[in-house]
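Structure record follows, encoded as structure tokens.
The values are calculated or read from the model by the stated rules, or taken from the named source; none is laboratory data. The structure presented is a predicted model; accordingly, all values stated were derived computationally and were not measured. FYI the Cβ positions are ideal-geometry reconstructions off the backbone, even for glycines, and counts take in every protein chain you see.
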């Protein structure tokens, strides 16, 4: 009977142990990586929600600041600014560093009794200027503006073909005697739809003081298909 003892190689055994340690370490790393990925995946919806809330809060603050201190919306009421602006259009206006100029479309505080809607008109003349209006038999009119009464006598009528319209189904005359000078601190305004506009020609509106100007129109906001600037001289 023969006896063959098994001889264990210490070096081989150490190698096997080392390999097992490495495998256990790698397995632990994989498990830790999977746990970290799971935590990250759980955090993603919260992070996305936080980012969304942060963006919304920033946008809301910007809108409040913009419309509170820089600009504000105004709704067009009536047909006095056709065809430039239509009823129910929404425009954005601002009075920041504003000085009235010819051609500006402005929003005014409504001083007409029993009405609270804003008035939207176009600036035709500013303080110190002279205005003359000649009414024609075909229900149109010619508007003259100059810096002095002497210049007014030789002035050419304003070219208003880019914005003024005259619908022949009505006629608006004036309560004023022309020529007339715009007082300091005031503007003279007209609606683009000349025969359907209550404006500076009427005692109900008259010359408009700067303090009663809510702001100058920057652009049309609504409807979206008409978004942008409008006709100017």
Is region 161-168 home to any residue that is in the same structural domain as residue 215 (by TED's automatic domain parsing) and under 20 Å from residue 209 (Cα atoms)? no
Can you give me the ranges of the strands (runs of 3 or more DSSP E) entirely in region 123-233 with at least 3 residues that are touching a helix residue (DSSP H, G or I) at 6+ places or on another chain (Cβ under 6 Å) and crowded, with 16+ Cβ neighbours inside 10 Å? none
Would you confirm, using the coordinates I've provided, whether residue 82 is modelled with pLDDT of 80 or more, within 29 Å of residue 170 (Cα to Cα), assigned by TED's automatic domain parsing to the domain that holds residue 222 and not in a helix (DSSP H, G or I)? yes
If I filter region 56-75 down to residues being closer than 26 Å to residue 185 by Cβ and surrounded by 12 or more Cβ atoms within 10 Å (Cβ to Cβ), which single residue comes out as modelled with the highest pLDDT? 74
